[in-house]
Amino acid sequence: MSQHTHDHGHDHRHPPQPDIDSEPMGYYQIMGAALGELLIEKGVITADELRATIELIDSKSPEGGAKVVARAWTDREYKKRLLENGNATVDELGIEMPDTHLVVVENTDTVHNVIVCTLCSCYPRMLLGLPPDWYKAHAYRSRVVHEPRAVLGEFGTELPDDTEIRVHDSTADMRYLVLPRRPDGTEDMSEKELVELVTRDCMIGVTLPKAL
């Protein structure tokens, strides 16, 4: 069973080769570049300020998201707050996501969540760093909606037939983070040790964390 959570109105295979380099800039990429140029021209921001913001985003890595997940695995109250208010709760760990609504979706025994942006490449960069090429590729963006179980299989992720797969479609002002299930056999691991088990891909939902 699969369910597609669709948050904006636009059309919808882990690809063998990313196909983004050969594609022209999309509408939102063009508009983003034009907006930056206009803000600089109008004196709202400077080129240095824009560059500094981009460098800050580019400096982020999946470790931030991994710390959030590990804390949720070890602190029941933190997990509860995280599922209720993602922005405020990640801010407790010093991760700010201004002007972006963060929704955290939890994997369970019966439900598995996967993230995509069918329009372009909206992605929780402040938590996960830069998105992988395959996430931005048209092949992934189109296939994961229609055949999520097949796409997960190409990542090596096999789920029971009765597991419901929910595909969450990111938007310009909404980002998703998957809270994966804690692997069995990690009960005696510290929060710091658990961070090492949490990968970017399992927070997107295409793989599962594994005990070392």
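The values are calculated or read from the model by the stated rules, or taken from the named source; none is laboratory data. All of these numbers come straight from a predicted model, not from anything done at the bench. In this analysis, Cβ positions are derived from the backbone assuming ideal geometry, glycine residues included, and neighbour counts consider all displayed protein chains.
With the requirement that a residue be in a helix (DSSP H, G or I) and within 15 Å of the chain's Cα centre (by Cα), what does region 86-127 give you?
Gly86, Asn87, Val90, Arg125, Met126, Leu127 - these are the residues of region 86-127 that are in a helix (DSSP H, G or I) and within 15 Å of the chain's Cα centre (by Cα).
Determine if region 176-189 includes at least one residue that is of a type in the set (Val, Ile, Thr), under 11 Å from the mean Cα position of the chain (by Cα), outside any loop (DSSP other than H, G, I, E, B) and at pLDDT 95 or above.
Yes, there is a match, as at least one residue in region 176-189 is of a type in the set (Val, Ile, Thr), under 11 Å from the mean Cα position of the chain (by Cα), outside any loop (DSSP other than H, G, I, E, B) and at pLDDT 95 or above.
Based on this model, can you work out whether Leu39 counts as at pLDDT 65 or above and more than 20 Å from the chain's Cα centre (by Cα)?
On the way: at pLDDT 65 or above: yes; more than 20 Å from the chain's Cα centre (by Cα): yes.
In short, yes.
Would you say Leu194 is of a type outside the set (Asp, Glu) and either part of a loop (DSSP other than H, G, I, E, B) or closer than 28 Å to Thr118 by Cα (or both)?
So Leu194 does not fit the description; no.
Does Leu83 count as modelled with pLDDT of 85 or more, assigned to a loop (DSSP other than H, G, I, E, B) and closer than 24 Å to Ser190 by Cβ?
Values: modelled with pLDDT of 85 or more: yes; assigned to a loop (DSSP other than H, G, I, E, B): no; closer than 24 Å to Ser190 by Cβ: yes.
So Leu83 does not fit the description; no.
Could you list all residues from region 128-168 that are among the hydroxyl-bearing types (Ser, Thr, Tyr) and in a helix (DSSP H, G or I)? Give the steps one after another, and end with the answer.
Filtering region 128-168 down to residues among the hydroxyl-bearing types (Ser, Thr, Tyr) leaves 135, 140, 142, 157, 163.
Answer for region 128-168, where residues must be among the hydroxyl-bearing types (Ser, Thr, Tyr) and in a helix (DSSP H, G or I): Tyr135, Tyr140, Ser142.
Before we move on, is Gln3 touching a strand residue (DSSP E or B) at 6+ places or on another chain (Cβ under 7 Å), surrounded by fewer than 14 Cβ atoms within 10 Å (Cβ to Cβ), modelled with pLDDT under 95 and not aliphatic (A, V, I, L, M)?
yes
For region 98-127, what are the residues that are surrounded by 18 or more Cβ atoms within 10 Å (Cβ to Cβ) and more than 18 Å from Val167 (Cα to Cα)?
Across region 98-127, the qualifying residues are Thr100, Arg125, Met126, Leu127.
Could you list, ordered by first residue, the pairs with Cβ atoms under 6 Å in which the first is in region 153-165 and among the charged types (D, E, K, R) and the second is surrounded by 11 or more Cβ atoms within 10 Å (Cβ to Cβ) and at pLDDT 95 or above, at least 6 apart or interchain?
Close Cβ pairs satisfying both conditions: Glu164/Val111.
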